[in-house]
Structures are given as C-alpha cells and as structure tokens.
Amino acid sequence: MLSIITPVFNSERFIADCIEGVIAQRCPDVEHILMDGGSTDRTVEIIQHYADRYPHLRWRSEPDRGQSDAMNKGIAMAQGTVMGLLNVDDSYEPNVLNQIVDRVQTLPEPTLLVGNCNIWDDAGNLLEVNKPSKLSLYNLVTGINVNPYPCNPAAYFYHTSLHQKVGFYDLNDHYSMDLEFLLRAVQVANVVYVDQVWGNYRRLEGTKTVDDMKNGQTNQRVMQLLKRYRNDLSPLQQRQLALRDRWATAAYFLQKPQAFPHAVKAKLFKPSLN
C-alpha cells in the first residue's frame, strides 16, 4: 500500500481540491491520511464530508507543534510500505501514484524515488521545472546553484522503513524539514531518479515559504543546512569541495570584479613603492 500524508491547518480554500486530486489518481492501493492541526475554519467539515464517502481517507484533527509534528503523526498512522507527502496546496500529475506502486515492486528497500516537479506562481504561470538529477550527499551539499535539490515532496516517494534508519522530521525545523530529511535519507537509501514530472508545487503569496523567500531567509537557511551536512562527507570529499569552492569564488570575481570586496581589492592592487 502507498500512504499519502497531508498536513493541513485552516485550508478550506485548498482541501477539497487536494482530496479530489488524490481520488482522481484512481490508485486502488492508496490511503490518504489528513493530519489537521485543529482548524477553526471549514477544513474539518470538508474533510468529514469526503471521509464519509471514501474509505481510503483517514484523518485526525488535534493541536500539533507544526508541520513536522503533523507529518510525523501521519507517518505513525500510516499502513503503507511506501510513503508520499502532499502539501494541501500542491498536486500530482495524472496517474503518478499507480506508476509509483508499480516501480517500487522491483526496487530494494529502502529506496528513495525522485522525479521532477513543476513550480508555478500564484497566477498559474510555470516558473521552472525542478530536475534534481544528482542526488548523492556530495552533489546536494555542493550548492543549490550547482545541483538543485528536490524542491517539493509531491515529486518524491520512499519506503516507509527509511524512517527506521534515519528518524523522522525535525520538530524544531518549520521551514527546511524536507531538505534536512533528504540529506539524511540519501546517505542510507537506494536513490533512484526518474526524468519525469510527477509533482506540482505552487508558490502562493502569503504562505510561510514565499514570505521566507522574500525576506531573504530561505537561501540563508539552506546554505547553513548544507554546510552542516558537509561534515558527513569523507575527509577527501570535504577537501575536494573546499577546493571547488575556492575555484568557484575566484571565477565569480573574475567575471564580476566590481563585486570584489573593496578592502581586499585595495590590498591586492596597492601600487608598489619600488
């Protein structure tokens, strides 16, 4: 069975489309677990309406400590051997879930199975297609401008048993918990990349992710996380990455000398007294 977990809170605008999107997959081997954090709008009413009609829907509504806590609770409830996470405002491409069920039957456990993801803006314009083709720890911590990481869980799935090896989502991380989990997962899982679009991620105005991007915190959080996980590389890989960083920095300033720090520039290019 494939378990899809959706954390939700006060999302009456999106919850019906999310539920119907999974139903439209027509996957007979799926359960959809909705973890509501105690919504005060019509979210629970809408969930109950669908749950009364569709037995594959399971749900719970209670206060939680944030998105990571909701996901962890859903994982604890899950009965499937394969796991997917679907945010309430995101979606799958047609027939993705049946493809995943078929693919994992021939893959060793635990496997992390990653596809591509469409990134849309609030107006429905396609911004880019996230293609995270290089998924070793070394490649991921090299930097987001070199090797993109999976931007949204709508485009990846994994054996539920992976949590037995790397633990669950960090309760104290409310922004980059997906990436932090992946950085642990790629170190122990059989990682398979498939060059197909599986998910759709909407960057909606007013969400915590978009607000974090606008105030400049997202890149800072990601870089701090990647720097921390560089410590998990072998000493040789750490030296190779440090050398690569130096060359990349030098190449950047050669292309954009105006960005070179003024104090360093003055010292390097100070006229000789001889």
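Compute the semi-axes of the equivalent ellipsoid of region 113-171, taking the square root of 5 times each eigenvalue of the Cα gyration tensor, and list them largest first in whole Å.
On the way: eigenvalues 111, 51, 22 Å².
For region 113-171, the ellipsoid semi-axes come out as 24, 16, 11 Å.
Could you work out the equivalent-ellipsoid semi-axes for region 9-112, taking the square root of 5 times each eigenvalue of the Cα gyration tensor, largest first, in whole Å? Show your work: numbers first, answer last.
Working: eigenvalues 115, 53, 27 Å².
Over the Cα atoms of region 9-112, the semi-axes work out to 24, 16, 12 Å.
For the pair V146 and N215, a Förster radius of 30 Å applied to the C-beta separation gives a FRET efficiency near 0.80, rounded to the nearest 0.05.
Could you put R60, R202 in order, starting from the residue whose Cβ has the fewest other Cβ atoms within 10 Å?
Numbers: R60 15, R202 20.
Neighbour counts put them in this order, fewest first: R60, R202.
How compact is region 68-191 by the rule of thumb for globular proteins, expressed as Cα Rg over 2.2 N^0.38 Å? Walk me through the numbers before you get to the answer.
Details: Rg = 14.3 Å, N = 124, 2.2 N^0.38 = 13.7 Å.
That works out to 1.04 for region 68-191.
Report summary: the helix-based calculation at 222 nm, which adds -39500 (n - 2.57) for every DSSP H run with n ≥ 4 and divides by the residues of the chain, gives -11000 deg cm²/dmol.
Helix 217-229 axis versus longest C-alpha principal axis of the chain: approximately 80°, rounded to the nearest ten. Ordering L107, L135 from the fewest to the most neighbouring beta carbons within 10 Å gives L107, L135. Taking all C-alpha pairs of region 53-92, those more than 13 Å from each other amount to 63 percent. Report relative contact order for region 2-232 in percent, whole number only (criteria: Cα-Cα under 8 Å, sequence separation at least 6). Over region 2-232, the number comes to 23 percent. Taking 37 °C and 0.692 mPa s as the conditions, I'd like the Stokes-Einstein D for region 138-244 in µm²/s, using the Kirkwood hydrodynamic radius from alpha carbon pairs. Answer from the Stokes-Einstein relation: 214 µm²/s.
Report, to two decimal places, the Cα Rg of the chain normalised by 2.2 N^0.38 Å (N = number of residues).
Numbers: Rg = 21.4 Å, N = 274, 2.2 N^0.38 = 18.6 Å.
Taking the Cα Rg and dividing by 2.2 N^0.38 Å, one obtains 1.15.
Given in Å, the Rg to one decimal and the Dmax to the nearest whole number for the Cα atoms of region 1-42 are 11.1, 32. Springs between Cα atoms under 10 Å define the GNM used for the chain, and in it the highest mean-square fluctuation of A78, A242, A51 occurs at A242. Using a simple spin-label model with points 7 Å from Cα along the Cα→Cβ vector, what separation in nm is obtained for L107 and E205? The answer from the label model is 3.7 nm. Label zone of R228 (point 7 Å out along Cα→Cβ, amide N under 18 Å): in region 151-170 this covers 166-170.
For the cross-link pairs K131/K214; K165/K214; K73/K165; K134/K165, the ones whose C-alpha atoms lie over 27 Å apart are K165/K214.
When V22, V96, V166 are arranged by Cβ crowding within 10 Å, least crowded first, meaning fewest neighbours, the order is V166, V96, V22.
Every number in this text was worked out from the coordinates using simple rules, so none of it is lab data. If you're wondering where the values come from, they're calculated on a predicted model, not measured in any experiment. Positions of Cβ are generated from backbone atoms using ideal geometry, with glycine treated the same way; all protein chains shown enter the neighbour counts.
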